[in-house]
Amino acid sequence: VQLQASGGGLVQAGASLRLSCTASRRTSSNNGMGWFRQAPGKEREFVAGINWNGGFTGYADSVKGRFTISRDRAKNTVYLQMDSLKPEDTAVYYCAAAQGATYSQDRSLYRYWGQGTQVTVSS
């Protein structure tokens, strides 16, 4: 079981990035998926989640209205479109596959984790 996150980079405030998370065939297509982030010296926090068929999504208040999570089940890929980026969005972003069909803000309910991709937003 592997999750491969990509798409991070260094951008200026106000720019956009799209993160991708591609999973192996044996996982994720029937699982809820989440994006989390961890800034230096801080705990890993929930950013966005999506249920197994994309019918339900959820966001942290800090990113609501700026970030959009989506998934392409045929490609076993989950995306995080990040618009209007702010310096406080700087962190390592991780994708994760939940144990069940729904997502959760509780990271302990995620079974598999990707390696993380760095997002740096300069002011």
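The values are calculated or read from the model by the stated rules, or taken from the named source; none is laboratory data. Every value quoted in this text rests on a predicted model; they were computed, and no experiment measured them. Counting neighbours? That spans all protein chains shown, and the Cβs are built from the backbone with ideal geometry, glycine included. Please note that ligands, DNA and RNA were not included when accessible areas were found on the heavy atoms of the full protein model with its side chains. Shrake-Rupley method; radii C 1.70, N 1.55, O 1.52, S 1.80 Å.
The fraction of accessible area contributed by carbon and sulfur in the chain is 44 percent, rounded to a whole number (1.4 Å probe; ligands and nucleic acids excluded). With R₀ set to 22 Å, the beta-carbon distance separating Leu109 from Glu45 gives a calculated FRET efficiency near 0.95. Averaged over its residues, the chain has an accessible area of 52 Å² per residue, based on protein heavy atoms and a 1.4 Å probe. Other residues lying with their Cβ under 11 Å from the Cβ of Thr57 contribute a combined charge of +2, Lys and Arg counting +1, Asp and Glu -1. Relative contact order of the range 27-123: what whole-number percent is it, with Cα pairs under 8 angstrom and at least 6 residues apart? Computed value for the range 27-123: 33 percent relative contact order.
The charge dipole of the range 28-123, taken about its Cα centre with unit charges on the Cβ atoms of Lys, Arg (+1), Asp and Glu (-1) only, comes to about 200 debye.
Calculated FRET efficiency, Phe56 to Ala15, Cβ-Cβ distance, R0 = 22 Å: about 0.20 to the nearest 0.05. Along the axis of the charge dipole computed for the chain (Cβ charges of +1 for Lys and Arg, -1 for Asp and Glu, origin at the Cα centre), the listed residues Val119, Tyr103, Pro87 are led at the positive end by Tyr103. Largest GNM mean-square fluctuation across Gly65, Gly54, Gly100, computed for the chain with C-alpha springs under 10 Å, falls on Gly65. Highest mobility in the GNM of the chain, judged by mean-square fluctuation with C-alpha springs under 10 Å and restricted to Phe36, Phe46, Phe56, is found for Phe56.
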